[in-house]
Amino acid sequence: MPESPSVDSLRLLIAVADMGSISAAARELDLSQPSASSRLRNLERQLRLDLLDRRTRGADLTSAGAAVTEWARGVVGAMDALQTGAEALRAGHTVRISCSQTIAEYLMPAWLARLRDHTTEPVHLSVGNSAAVIAAVRSHAADLGFVEGTTVPGDLVSRTLRTDRLTLVVAPGHRLTRRRRPVTADELAQLDLVTREPGAGTRDALEAALAAIGLRPNREAVSLGTNAAVKVMVAAGEHAAVLSELAVAAELRDGRLVEVPVSGIDLRRRLRAVRRRDAAPREVISSLLAVASGRAAGSPRALPAQRTR
């Protein structure tokens, strides 16, 4: 199998694209120009593509180089988010954050990376299902929680950060992919679904959406503890699952899973931050909430004391 490009090489290519020359990119990344040139040639050998047009002055990207650079930005951004998230998981902590699994996997790394633009205060991150997050906040084991559940206990305050949508997914070739009309809510309730474990926000949201129209899931193939495990079982071909669109975006793009339209039920849900009413204001918490809710962090407001049922 061909050797994969290093993140440092991709970072160098991005710097060349942004700064217009190898020498300027080398200075920006504290490299010698010969070392930078060698890395770029090695990157071209690994990818078997000409990325730079060396017949021109400076360093112009070829059409292939321009495409690879845009893909590289995504890879480098994801690696930066991974490193930031890992740092939060292992750090000696002053602020304790507890986060439900879907938010932890698909949103929190980017939020933590952006948080570093506003504060260097260390954050300790723990991950569990929504029920575990609520328990951690109520027991003072966490200063702030992020959940996907449908209700928040009255002794906690909450803020809705964004909405999310649950999607019915199956493997390519599953019988549901041959339907010409959406699956109805009644049919959804009858499916043998692979679900998350009791206490998971995804499971609670599906059950609440069905209950709102007088239904409940009648059958369950199996319940599993992670989104990844659910997706693997669904991709095997027999079963369907209802998961967050965040959790299945990559699989839908590359065709490993297929979304099946559903009608007659509202599968939207709210992603929320929760904390105790008596929690002392903390600047790092206010900054994280500002980042998570998409507000510019200049003077972010503290979490308002309100109930969201």
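The values are calculated or read from the model by the stated rules, or taken from the named source; none is laboratory data. These numbers come from a predicted model, not from an experiment. Cβ placement follows ideal geometry from the backbone for every residue including glycine, while neighbour counts extend to all protein chains displayed.
I need the full set of residues from region 236-283 which are within 17 Å of Ser130 (Cα to Cα), assigned to a strand (DSSP E or B) and under 23 Å from the mean Cα position of the chain (by Cα), in order please.
Hits for region 236-283 are Val242, Leu243, Ser244, Arg268, Arg269, Arg270, Leu271, Arg272, Ala273, Val274, Arg275.
Look through Val76, Val95 and report the one residue that is more than 21 Å from Asn227 (Cβ to Cβ) and crowded, with 18+ Cβ neighbours inside 10 Å.
Val95
Scan region 104-159 residue by residue and report those that are more than 23 Å from Arg268 (Cα to Cα), in contact with a helix residue (DSSP H, G or I) (Cβ under 6 Å, 6 or more places away or on another chain) and surrounded by fewer than 18 Cβ atoms within 10 Å (Cβ to Cβ).
Matches in region 104-159: Arg114, His118, Thr119, Glu121.
Taking the conditions exactly as written (at pLDDT 90 or above and either in contact with a strand residue (DSSP E or B) (Cβ under 6 Å, 6 or more places away or on another chain) or crowded, with 17+ Cβ neighbours inside 10 Å (or both)), does Val274 satisfy them or not?
For Val274, the condition - at pLDDT 90 or above and either in contact with a strand residue (DSSP E or B) (Cβ under 6 Å, 6 or more places away or on another chain) or crowded, with 17+ Cβ neighbours inside 10 Å (or both) - is met.
Would you call Leu29 of a type in the set (A, V, I, L, M), at pLDDT 90 or above and under 30 Å from Asp204 (Cα atoms)?
Answer is no for this residue.
What number of residues in region 172-203 are in contact with a helix residue (DSSP H, G or I) (Cβ under 6 Å, 6 or more places away or on another chain) and crowded, with 21+ Cβ neighbours inside 10 Å?
Total satisfying the criteria: 4.
So if I check each of Leu107, Leu144, Leu156, Leu51, which one is among the hydrophobic types (A, V, I, L, M, F, W, C), over 25 Å from Gly199 (Cα atoms) and touching a residue at least 24 places away in the same chain (Cβ under 8 Å)?
When all the criteria are applied, what remains is Leu51.
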